[in-house]
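Data first, discussion second: the structure below is written as structure tokens.
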Amino acid sequence: MQDTNQATISTNGVVRPTLVEVNLTRLSENFRAIRQKTAPAKVMPILKANAYGHGIVEVAQHLETLGADYLGVAVLEEGILLRENGIRAPILVLGGILGNQVPHFIKYNLTLTASSIEKLCQVDQVAAQMGVKAKVHLKIDTGMERIGVHYYSAENFLEKSLSCEHLDIEGIFSHFANSDAADLSHPRLQLERFQEVLYFYEKRSLPAPPLRHMANSGGILQLPEAYFDLVRPGILLYGVYPSPEVKRSIQVKPALSWKSRVVYFKVIQPNHPVGYGSTWQSDHQVRGVTIPVGYGDGYFRSMSHKAQVIIRGKPYPVVGRISMDQIVVNIEGDSAYNDDEVVLVGEMGNQAITAENLAEWADTIPYEILTNINTRVPRVYIG
Ligand SMILES: *Cc1c(COP(=O)(O)O)cnc(C)c1O
């Protein structure tokens with residue numbers, strides 16, 4: 001498998017004790033729950049950023065067996081990686097494109113996002129030169145101001161798309177800026193703008209492109225009016241809700257666990273500080289264990305003095321600063337032994353630590369926690 005993204009550090013079968021475990025059964029259950037709620041819309045799982053840290057190739061392979069209709073990635077290289085690993089499902093690259101990338105899209109049978117008239121014509125030209133039709137989705141900006149043709153000037157764009165003979169205009173889409181909020185007034189405004197743009201086809205008695213789409217995870221949970229022909233779940237597929245305030249209208253469970261093992265046990269004497277900067281010390285004797293994970297793996301240093309882990313079914317605080325490769329956990333008077341399993345994210349007994357918990361400790365969002373568990377951490381698949 002030619003796969004730089006996945007590069008797992010494993011030499012002669014020796015794998016790090018710090019690993020990510022992806023539960024494929026949970027991924028299936030989440031996928032089916034989303035499909036059931038959004039039917040008859042098609043489902044395009046979003047696999048950008050190494051499938052939100054879950055491993056892009058393995059997740060794509062699994063979703064293909066589940067019958068995913070389409071796959072979505074952010075950048076050309078992610079699409080090529082999937083093709084080179086034998087994925088045959090249609091793949092839409094959601095991000096902006098550069099002219100010199102167009103031949104690669106066509107060569108690997110990847111669907112392009114056209115976000116301006118200029119890009120549309122560029123793709124048409126290259127497709128003509130290559131003697132093929134390029135599959136294109138038109139991107140309409142209804143209030144995100146990232147890429148896409150503004151809703152208020154989309155008419156020329158759609159008009160132009162009708163005359164490009166070497167394009168197969170398979171889809172048209174937009175993207176929500178606030179679909180995970182409790183206040184849905186802005187997403188509703190965006191939805192109205194998108195519907196107005198789509199009215200272009202009705203006015204001319206033309207069929208709209210067969211795949212109209214808008215809903216990300218927040219839209220799937222909160223805006224059934226936005227399902228159209230296809231939905232684009234990212235974080236929800238992985239079993240994580242996009243925000244604390246979003247309506248949980250579909251039940252999902254996290255597919256990812258992040259685990260390690262105790263590699264060292266010691267007694268820490270009073271007033272003997274732990275870690276760089278000597279930022280924490282105990283006023284009484286405690287037991288401490290060292291775990292081989294750190295910010296070099298994506299266990300954010302900003303969680304220092306806040307993070308907890310689970311050992312033997314009990315939560316314990318990480319003490320001192322998080323280093324690049326190690327953390328120290330205060331187990332007070334309890335027992336723990338070398339090789340004991342440590343849960344950084346996941347469940348043990350009746351305790352759980354979620355990506356949301358880490359996001360709160362690191363003052364970020366669960367998306368950033370998941371996508372930052374880096375490639376030094378091997379991924380293993382269960383279920
Ligand atoms: C990332 C992304 C999604 C998925 O977003 P989630 O909030 O993870 O569901 C959908 N559509 C586009 C265009 C995206 O960039």
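Quick rundown of the values:
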read-out: Of the GluC sites (Glu not before Pro) in region 137-244, those whose Cβ has at most 13 other Cβ within 10 Å and which sit in DSSP loop; value: Glu145, Glu165
read-out: Within the chain, helix-based [θ] at 222 nm, where runs of 4 or more DSSP H residues each add -39,500 (n - 2.57), nearest 500; value: -8000 deg cm²/dmol
read-out: Derived scalar couplings ³J(HN,Hα) [region 76-92; Karplus, 6.51 cos²θ - 1.76 cosθ + 1.60; whole Hz; x for Gly, Pro]; value: 3, 4, 5, x, 4, 4, 5, 4, 5, 9, x, 6, 10, 4, x, 10, 9
read-out: Convex hull per residue volume in Å³, alpha carbons only, for the chain; value: 149 Å³
read-out: Residue-by-residue Karplus 3J(HN,Hα) for region 116-124, coefficients 6.51, -1.76, 1.60, Hz, glycine and proline x; value: 6, 4, 4, 5, 4, 5, 4, 5, 4
read-out: Student exercise, region 40-238 dipole from Lys, Arg, Asp, Glu Cβ charges, in Debye to nearest 20; value: 220 debye
read-out: Whole-angstrom gap from region 153-186 to region 26-75, using each part's C-alpha centre; value: 22 Å
read-out: Charged-residue dipole, Cβ positions (Lys, Arg, Asp, Glu), the chain about Cα centre, Debye nearest 20; value: 420 debye
read-out: Charge-dipole axis of region 293-383 as Lys and Arg at +1 and Asp and Glu at -1 on Cβ define it, positive-most pick from Asn372, Asn330, Met348; value: Asn372
read-out: Degrees between helix 185-203 axis and first principal axis of the chain (Cα, 0 to 90, nearest 10); value: 30 degrees
read-out: Among Met214, His62, Ser174 the positive-end extreme of the charge dipole of the chain (Cβ point charges); value: His62
read-out: Debye, to nearest 20: dipole size of region 82-195, +1 on Lys, Arg Cβ, -1 on Asp, Glu Cβ; value: 360 debye
read-out: Solvent-accessible area per residue, Å², over region 40-238 with all protein chains present [probe radius 1.4 Å]; value: 39 Å²
read-out: Amide H within-cut-off set for Trp258, under 5 Å, with H built and near neighbours excluded; value: Glu21, Leu344, Val345, Gly346
read-out: Calculated from backbone phi, Karplus (6.51, -1.76, 1.60) coupling profile of region 141-153 in Hz, x at Gly/Pro; value: 8, 10, x, 10, 6, 10, 10, x, 7, 4, 4, 7, 10
read-out: Amide H within-cut-off set for Val43, under 5 Å, with H built and near neighbours excluded; value: Asp69, Tyr70, Val231
read-out: Simple label model, 7 Å out from Cα along Cβ direction - Asp183 to Tyr152, nm; value: 2.1 nm
read-out: The chain: antiparallel DSSP beta bridges as a percent of all, rounded to 5; value: 55 percent
read-out: Separation between Cα centres of region 303-382 and region 242-268, rounded to whole Å; value: 8 Å
read-out: Carbon + sulfur, % of accessible area of the chain - ligands and nucleic acids excluded, 1.4 Å; value: 48 percent
read-out: Efficiency of FRET between Asp334 and Val15 - r from beta-carbon atoms, R0 35 angstrom, step 0.05; value: 0.80
read-out: Segment Lys247-Asp168, length gained on full extension (0.36 nm per residue, minus Cα span); value: 24.8 nm
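The values are calculated or read from the model by the stated rules, or taken from the named source; none is laboratory data. Given the structure is predicted, the values throughout are model-derived calculations rather than measurements. Cβ sites come from the backbone with ideal geometry, for glycine too, and all protein chains shown count toward neighbours. Side chains are part of the model used for accessible areas, which takes the heavy atoms of the whole protein and leaves out ligands, DNA and RNA. Shrake-Rupley method; radii C 1.70, N 1.55, O 1.52, S 1.80 Å.
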